């Protein structure tokens with residue numbers, strides 16, 4: 001189970017992205033990113049980001 005702090009950070013990033021020129025990501029993508037981070041699966045995270053360049057577009061905190 002992810003920590004409450006991580007859930008809070010991801011939620012804040014999602015809420016902030018509506019006010020900024022943010023990347024386009026879905027809740028499912030955010031959950032997948034969280035799973036990769038929690039399991040320290042850097043290879044899978046890199047593959048996800050490489051295959052979905054829109055996740056890194058924009059100037060929101062997650063994209064940066």
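No value in this document is a laboratory result; all are computed from the given coordinates. Fair warning: this is a prediction, and the values are worked out from it, not measured in the lab. Note that each Cβ is placed from the backbone with ideal geometry, even for glycine, and that neighbours are counted across all protein chains shown.
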- Task: Provide the gained length on full extension for the span residue 38 to residue 51, in nm with one decimal, where the gain is 0.36 nm per separating residue minus the Cα-Cα distance.
- Result: 2.7 nm
- Task: Would you mind computing, in nm to one decimal, how far apart the modelled labels at residue 7 and residue 27 are, each placed 7 Å from Cα along Cα→Cβ?
- Result: 1.3
